[in-house]
1. Return yes when T161 is polar (S, T, N, Q), open to solvent by less than 20 Å² (accessible area, probe 1.4 Å) and at pLDDT 95 or above and no when it is not.
2. For S65, state whether it is in contact with an Asp or Glu (Cβ under 9 Å, 6 or more places away or on another chain) and within 28 Å of T81 (Cβ to Cβ).
3. For region 178-222, how many residues are assigned to a strand (DSSP E or B) and open to solvent by less than 40 Å² (accessible area, probe 1.4 Å)?
4. Select from region 13-38 the residues that are open to solvent by less than 70 Å² (accessible area, probe 1.4 Å) and not β-branched (V, I, T) and list them in ascending order.
5. Does region 90-110 hold any residues that are outside any helix (DSSP H, G or I) and either open to solvent by 20 Å² or more (accessible area, probe 1.4 Å) or β-branched (V, I, T) (or both), and which are they?
6. Among the residues of region 54-74, is there at least one that is in a loop (DSSP other than H, G, I, E, B), at pLDDT below 90 and either under 25 Å from the mean Cα position of the chain (by Cα) or of a type outside the set (D, E, K, R) (or both)?
7. Hey, T50 hits all of (1) of a type in the set (S, T, Y); (2) open to solvent by 40 Å² or more (accessible area, probe 1.4 Å); (3) more than 25 Å from T10 (Cβ to Cβ) but one; which does it fall short on?
Amino acid sequence: MPASLPGDSTRKIVDKIYDIVKEGPGLLENYDQEILDVLKEINLHQSLKTDKQRIEKIVTEESKSYFEFLKIKGNKDLLDTETMQRCNEAVDAIKNNSVACNLLGLIKHEMENIDIFNEIPLQSDLVDAYPFGMKGIVDNIKVEYDTKTVHINDLKTTGKTIVDFEDSIEYFNYWIQAAMYERLVREAFKDLLTQDWKIQFHFIVVDKYNQVYSFEISSATMMIWQERLETKLNEFKWHYTEKKYALPYLFATSQIIL
């Protein structure tokens, strides 16, 4: 990051300029017209008498330095030292947990008959019932041919403790993600998943103390989540078909009386 950053409003304008010219960015001071257009769009510095004064408000040493930083950064996500340290500690915690390592396929056994897929993008058209599809990127899938089990593993970090994770499933709607992933895996592996095969879903959670726990989702719970997902998909279908997105489904289709 530059040693000194421009103010919030100026930084947002520089961000907008970079988004406009990022395919071939030059120097910030070369984009007078783009700067003026953005300022007019957001109605900033319009009280100044001349365009030169408006541009001088934006093109400062700090903003030019920040623009050069954006060019170097590109589409990469930057981590500060503290965040990087937390990430490394979480990785080490998982590596030191034998249950998590086994689920993720990090422990290799001789003659083991398995396939491992990491961050695999999956999609399903849902053409039979819905006018839209479904897609997602699954953290980890472990296919065990000897036990005829497909393990779906979703890694989660939390600022709370593992004791609180059950509440987080509902609060952050992780159950929707789990149900979608299971449906996507069933579609992607449909030629493999005969009646004698099973799917097992786990949330592998690293909490704020770097405690690791693998929450197994029972088939009964997953069945409930799949039924709830079906309800949500029908709500999405209503919004998609009716082209009404201003209110949530319940408010858009009924009168709420308190």
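The values are calculated or read from the model by the stated rules, or taken from the named source; none is laboratory data. Everything numeric in this text was worked out from a predicted model, so none of it was measured. For neighbour counting, all protein chains shown are included, and Cβ atoms are generated from backbone atoms with ideal geometry for every residue, glycine included. Ligands, DNA and RNA are excluded from the accessible area calculation, which covers all protein heavy atoms including side chains. Shrake-Rupley method; radii C 1.70, N 1.55, O 1.52, S 1.80 Å.
1. It is false that T161 is polar (S, T, N, Q), open to solvent by less than 20 Å² (accessible area, probe 1.4 Å) and at pLDDT 95 or above.
2. no
3. Residues flagged as assigned to a strand (DSSP E or B) and open to solvent by less than 40 Å² (accessible area, probe 1.4 Å) within region 178-222 amount to 11.
4. Once the filter is applied, which keeps residues that are open to solvent by less than 70 Å² (accessible area, probe 1.4 Å) and not β-branched (V, I, T), region 13-38 yields D15, Y18, G24, P25, G26, L28, Y31, D32, E34, L36.
5. Selection gives N96, N97, L106, I107, K108, H109, E110.
6. Taking region 54-74 as the starting set, the residues that turn out to be in a loop (DSSP other than H, G, I, E, B) are 59-60, 74.
So of that shortlist, the ones also at pLDDT below 90 come out as 74.
Remaining after also requiring either under 25 Å from the mean Cα position of the chain (by Cα) or of a type outside the set (D, E, K, R) (or both): 74.
Yes; the residues of region 54-74 include at least one that is in a loop (DSSP other than H, G, I, E, B), at pLDDT below 90 and either under 25 Å from the mean Cα position of the chain (by Cα) or of a type outside the set (D, E, K, R) (or both).
7. (3)
Residue-by-condition table, conditions (1) free of Cβ contacts under 8 Å to residues at least 24 places away in the same chain; (2) within 30 Å of F215 (Cα to Cα); (3) open to solvent by 30 Å² or more (accessible area, probe 1.4 Å):
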{"position": "R11", "(1), (2), (3)": "no, no, yes"}
{"position": "K40", "(1), (2), (3)": "yes, no, yes"}
{"position": "E56", "(1), (2), (3)": "yes, no, yes"}
{"position": "N88", "(1), (2), (3)": "yes, yes, yes"}
